[in-house]
Structures are given as C-alpha cells and as structure tokens.
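J.: There's a structure below that I have some questions on.
Read the figures in this text as sums done on the coordinates, not as results from a lab. It should be emphasised that the depicted structure is a prediction, and the values quoted were computed from it without experimental measurement. Virtual Cβ from ideal backbone geometry, glycine too; neighbours counted across all protein chains shown.
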Amino acid sequence: MAARKNRNFVHVRVIKHLPQGLSVVLDSGERGMIRAREISWENEDAVNWKKNYPIGWDGYAFSIPAQKGEVREFSLRLTEKDPWDEFAKGFDKSRVFEGVVTGAFDYGAFIEIAPGLSGLLHKSQIPSSAQASVSELFWHGDKALVVIRELDYAERLIKLGMAPAGDLTGENLPGVENQPSVKFEAGNRVEKLLSVDIPRRHILVVENDASQSQVVCGWLRELGQSVDAVFSAEEGLEFLEKSQPDVALVDIGLPGMSGTDLAKYILEKHPQVQVANATDWAHANGIKDTLDELQALGVKLLFKPLLPEDLISLLSPEQGPEVVLPQEEQKLSLSNIPKLDAKKSIHMLLGLCRKHLGVEQVFLFSLDPAQRRVGIVERAGDGFVNKGAIPQLIYSPVRDAAEDRELVTANEITGRERKRFSHLLEFSPAAVSCIGVPVPSQTSVKYALFALDRRAKSFGGESKIYVEGMALAIGAALDQNDLRERSALMQRSALIGNATSGMMHEINNLVGPLLYGSNNLKKKLSQIERQTGKPNYTEINEEITKIQQDVRKIINTTKAFTRIAAKGRDEILRVDEIIEETLLLLQDISKGAKVSIHFSPPNELLIVRSQSVVLEQIILNVILNAIQQIAELRPNIGGWIKINMGLVKEAQSGPRCRIFIEDNGPGIHTRLWEKVFDAGYTTRREGSGIGLYISRNLMQDIGGEIYISESRILSGTTFALEFPVHL
C-alpha cells in the first residue's frame, strides 16, 4: 500500500474514545492520540468520528512531528490528502498570505494560512511600535498579513513574518494589492466553537506555567465562564477553603503537591466539584495507572495544548433523553420585539401592541409640561381621529396618564364615565373602550401610551401587563433617542472645534498670499496706466487666476465648516465634493500626525439627495478616528489613509453610494467589529467611544449603514459607508 511507503505513516489501533478524540496504540506498544479535528477534512465525518472509528478499528495514521518531542499525536486526514505536498511545490517567499490567528502565546502567534497549514509568527517578527504582548495584540480569529520566512517540508514547520509595511506615506501602498495573495476562510471553526451556548460556571484553574494559565483562562472567559487562577496545589487548597468552584481544572505537573494528589483531595473533601486533570502524553504515559484510577472516579483527562473544543467537551452537559413538554396556549410576550434604532422601533412597538391586543388604534401621546400642550408622537391604526380636538386632550385622561402617572382603563365608556372621557371621545368619536399607561422616560417631555377600540373590551390581566411592558420598551427607545441626540450635539461641538482649527489654519495660510497678490496686481495696473506700450496681460491673468483659486479654497473651507455647524436638511449633493471639503478641515491634524490622505474621485459624478451635515460628520468621524489610531501606533512615523467611492446597483434596494475609508493603522480584533460602534466603547487610551456610535446612528437616519469590511492586525482597517441615492 502507498501508506506503508510513507515514512511518516504508522499503523495504529483505537483503544479508547476520549473527549478530545481517539486514544490509539502503535504496533510497538507506544500510545498516542488522534484529535477530533485531525480525523477528517469533511465536517460530517469529523462529527461522527466515534461511530466511524469504533474501539478496535485499525489502520494507518500520519505521525505529526512534535515541537519538542514530548507529545505523540497522529492524523487520519493527512493520510487522505496532505496539503503540504501541493503547497511546497509552489512555495514563493514573495507571496503575502491573509492568515487567521488560531492561538497566541508569550513567544508568538500561530496563524493558519490555509486549511491544515499553520505557522508561527515569533514575537521577534512583530514591529516594536506595537507596544503590547502577543496575546493582547493577536486574538483568535483575527486576520493578519504574513509572509513565509522559512519552510521545512520534512518537519512540517513554517516560520512566518509580518508582511512588508511598504511606504508609509501611501505612495506605494503595501499589502495584498501589489503582490500575489491567497485568501482563505481559515479559522472559522474556532469562531463557531466559541459561539456555542454553554451554561456559565465558576472554574478554578491550577497551572504553574503563567503563559499556559493565561491562555486557558482566556479561552474559558471567551466561552462565557467565570474563572479564577492559582499557580500551585497549595494555593488551590487555600482557595477551596474560601470558595467552592463548579469545576477544578488541575495541571498534573505542579511543584510541591502534585496535580493528581490535589485531584484526589478534591474528590474526597469537595465531592460536589467536578475535577479535570491536564497534562501531555509524555507525562501521562509515566503515570498511566494513577490516571486510570482517577478517571474511574470521574476525573476527566485533558491533553495539552488545550484548545476550545477540549474545554467545550469538559463544560458541556452530558446529553440526556429529549424531554417533550406539553404545548400551552400562546401567551402575550415581549420577547419577539426586534432590536431597531430608536425612531423606527417606536413605530414597530405600537404596531405589535395593536396586533397583540386586537384593538383598532394605538397612540403614543406627548405632553409638554411647560406649554401645557399634548401632541401625537406616533400612531398605529387607520381609524378616524379629529385632529382639531388635540389641544383639548390636556383636559382628558391623557394628562392623567402622562403627568400624574395614573393607569387609565375603561372596558366600556358609558354613563358617568363619558364626562371624564369627553375630550378623548371628541378626538376619537368611535372609541368605546381604552387603556392608557404612563411611559417611563428620563426626558423633560412626558409620554402616555393609549390603546382604543370601538368595541367593549376588557383590559385586565395579561393585557394590562403587556401594555405596561410595551410602555417600558417605548420609554427605553425614547431615552435611547434622547441620549443619541445629546451625544451627537456634544460630538458636533467637538468637531466644530476641530473644524475651526483647520479652517483658521487654512485661512491664515491663504490671506497673506492673497494680500500680496492683490497688491502686485494693483501695482501692475497702475503701471499700465502710466505706460504707453503694450501691457503684459499674461502676468496679469496669472495673478488673477491665483487669487481666484485662493478665494475658492477659503469658500470651500468655510462651506465645510458651515455644514458641520448647521442643522441637517436634504439637498442635492456631489459626494466627491463633500469628501474633499471634509479633507480640507483635517489638513492640519493629519499633517501633525504625519498621516497622508489619498482620495481617488470616481470616474463619473455621483450626485445624491441627502443631508450634507450628516455625511460630513460621518466621514470626518471615521477619518479622524483613523488618524488618531495611526498616531497612537506610530507617533514618530505616521501612515496613510486611502479613500475611494463608487455606485453600487442592487436590484432590491436600488442604487447605493459606497465609500471605503482604508488606513494602515493597528487594525481591530475581529470580535470587536460590532463592539466599536457601541456607545462609550473605544480601543484608544484617550478615546471617548462616541464618534463611531454617533456615525452609525446618523447613517441609519439617512437609510444607510456603516460597518467594518476588513481589518488585519498591524495592517489596518477598512470602513465601508453605504447610503441610498435619492434624487
């Protein structure tokens, strides 16, 4: 067989199923392990590995070379196809790979550049400007641009280096654009594993190696677990006297009291604590009998290096028989309310309320305490209302609910109740029953939620609870909108400060030449009056042209400043002009940070109807954020920002303008791509966490979206801005 001819293929027999994979024995009697991920390239086969490889199965496996000769592991999938064979043939040191981080340690990060092919990016290859430890700099799932420094086909080892930074002025943009590149979706498996829903538990990690402890605790926290770490069995005993964890994960090779002795102690003194031992194969073979004894007592055995799938197997509850509960009558619930932006969600909430209650109309009323005036914020339903009666609602139960915080209910408005509800009936003549509840809000305006119907209707029990719950949700949406508007106002004030600085710098640079040029022109015109010869019109035209250009620069700068300071209104805009005017305001800031900005206007004009102040603020926010990130990463070197734009034609949503803003800053961890848009969250030491939050809300206001389309650690981030084209 071909397998026998390969010196790395060995004959193995399955002797046990472990949580991490197959325990196997060689013909020589030596034991080893085949991890679940090394069983097959096909996901279906990898999932059913216990069924496909029962105890007693024998065959050939590939012997995986060990880093230090301590752990003996094997692979079945490498007997099917060895990615090294094809890869080594076309190996090119000039190729730039977009790899995915699968692990980070003190000494470096492991990066997967293709399925089954990972290399080590040693910490010595990381630029000194990145002032952070490897584990802080690289998170699993992050992307990074790397090149191969060394490749050892026989030992299956790859040494990686960071892709060349290129010209930081941006004239020769680095990265995959100027070199052949290979992109893979490697690392998705890790992201899927970490998205598994596991009950939160308290875990004690006992590990004397600080780097190993950091990695294991990091994985566990990413899985949503509560973790405490100690570095010896003695510290573990002290911890157990004070607190009772759910799980104790104990390394075997501890100094002083051994990990196996600590496991026995926990089993005896704290039987409610689940215990797991961790070790490598070399150590496990030496104390096989002890480990077998502990496993018989319920101690799980994990083999290093510990990966997310190992920890998931430890923490996942045993699968029991499926329990089928009897179906109950469907009850009113707020759990299906979608999470939308504040303005759209209120309309959606009113619609849901109307649907669930089965009423004709639902209103959200506002009451201005200072002006004693009631207004309609939003409504759901198409019934007739008398808008002329709205001013009189201040004397109706609407005021009782909004201002006095009373619950208003009328199952049938008859008799004496008609007098109290007279103004509300004037507003909605067909109303026969209603319920009104106050809407809790921190704003100065008061609100009330009212449901009206033309039939007699009971609003007790669950209906009352539902309406009150809906009022809470609407209040939260109103508070969110108020917070967003206040934050936008604060940030606009900050932007006006930046804009003022840029505008004054630009004007100061232009006023002097303007004065000098106009004085020269005046002198030349005076000379013409005195001279009888032919005047030099060429010089005069050049002077006039220069003055016109400088005046236009001042106009454009002040126009951009005015747009940021002004209130938004829809108007016909040239998007490229909006971008250029914004860049004028950032000239001084970008120059001080040594950041060059390159804008590539589109081949055809792109005209939209939108709010110039909104677009100006969003673009300025993103570019300013990029400048600050680069300045923090390379304070003495700087970097570049590249902007390009175009029209995207989509059948469903219609044409959209798309702007890409790319930088060569520090990059953003993959798992933070959405987090950076949360209010108050920032990745900078002195950031406010407001800019990107405001930008997303402003973009949603004009029907667009902003997101991170690409980010690679130490190679930069690309933001995408998309908004509809309405003329």
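J.: Cross-link list Lys344/Lys464; Lys16/Lys264; Lys524/Lys591; Lys123/Lys264; Lys594/Lys675; Lys89/Lys642: which exceed 30 angstrom alpha carbon to alpha carbon?
T.: Lys524/Lys591; Lys123/Lys264; Lys89/Lys642
J.: Can you figure out the FRET efficiency of Ile55 with Lys81, using R₀ = 25 Å and their beta-carbon distance, to the nearest 0.05?
T.: 0.45
J.: If you don't mind, there's one more thing I want to ask. Based on the Cβ-Cβ distance of Asp482 and Asp400, what FRET efficiency does E = 1/(1 + (r/R0)^6) give at R0 = 25 Å, to the nearest 0.05?
T.: 0.60
J.: Still on this structure: Can you compute the FRET efficiency between Ser422 and Ala132 using 1/(1 + (r/R0)^6), with r the Cβ-Cβ distance and R0 = 51 Å? Round to the nearest 0.05.
T.: The pair Ser422/Ala132 has a calculated efficiency of 0.15.
J.: Suppose every K and R has +1 on its Cβ and every D and E has -1 on its Cβ; what is the size of the dipole of the range 196-314 about the Cα centre, in Debye to the nearest 20?
T.: 220 debye
J.: Translational D (Stokes-Einstein, µm²/s) of the range 360-473 at 25 °C and 0.890 mPa s when Rh comes from the Kirkwood sum over C-alpha pairs?
T.: 176 µm²/s
J.: Still on this model: Which net charge results for the neighbourhood of Gly21, defined as the other residues with beta-carbon distances under 12 angstrom from its beta-carbon, given Lys and Arg at +1 and Asp and Glu at -1?
T.: The answer is +1.
J.: While we're looking at this one, here's another question. Could you give each residue of the range 381-389 its phi-based ³J(HN,Hα) in whole Hz, using Karplus coefficients 6.51, -1.76, 1.60 with θ = phi - 60°, and x for Gly or Pro?
T.: So the Karplus estimates, Gly and Pro as x, are x, 10, x, 6, 9, 9, 5, x, 8 Hz.
J.: Can you tell me the order of 587-600, 378-391 when each peptide is scored by its average per-residue count of other Cβ atoms within 10 angstrom, highest first?
T.: In decreasing order of mean packing, 587-600, 378-391 become 587-600, 378-391.
J.: Equivalent ellipsoid semi-axes for the range 598-727, as square roots of 5 times the alpha carbon gyration tensor eigenvalues: give them largest first, rounded to whole Å.
T.: Equivalent ellipsoid semi-axes, largest first: 26, 17, 13 Å.
J.: In whole Hz, with x marking every Gly and Pro, tabulate ³J(HN,Hα) for the range 592-604 from phi via Karplus 6.51 cos²θ - 1.76 cosθ + 1.60, θ = phi - 60°.
T.: x, 8, 6, 10, 8, 10, 10, 10, 9, x, x, 5, 10
J.: Counting residues in the range 118-163 as N, plug N into 2.2 N^0.38 Å and put the Cα Rg over that result.
T.: 1.22
J.: If you take the Cα Rg of the range 224-278 and divide it by 2.2 N^0.38 Å, with N the number of residues, what do you get?
T.: Ratio of Rg to 2.2 N^0.38 Å for the range 224-278: 1.02.
J.: Could you tell me what % of all Cα pairs in the range 196-314 have separations over 23 Å?
T.: Counting every Cα pair in the range 196-314, those more than 23 Å apart make up 21 percent.
J.: Separate question: Compare the Cα positions of Ile589, Gln617, Ile641 along the charge dipole of the range 566-661 (+1 at Cβ of Lys, Arg; -1 at Cβ of Asp, Glu; about the Cα centre) and return the one farthest towards the positive end.
T.: Working it through, the farthest residue towards the positive pole turns out to be Ile641.
J.: Give me the percent of Cα-Cα pairs in the range 564-642 that sit more than 18 Å apart, rounded to a whole number.
T.: Within the range 564-642, distances greater than 18 Å cover 45 percent of Cα pairs.
J.: Can you pull a Stokes-Einstein diffusion coefficient for the range 360-415 at 37 °C (0.692 mPa s), Rh from Kirkwood over Cα pairs, as a whole number of µm²/s?
T.: Answer from the Stokes-Einstein relation: 265 µm²/s.
J.: Now for a different question. Taking the Cβ of Lys264 as the center, what net charge do the other residues with Cβ under 14 Å away carry, scoring Lys and Arg +1 and Asp and Glu -1?
T.: That sum, taken over residues with Cβ under 14 Å, equals -4.
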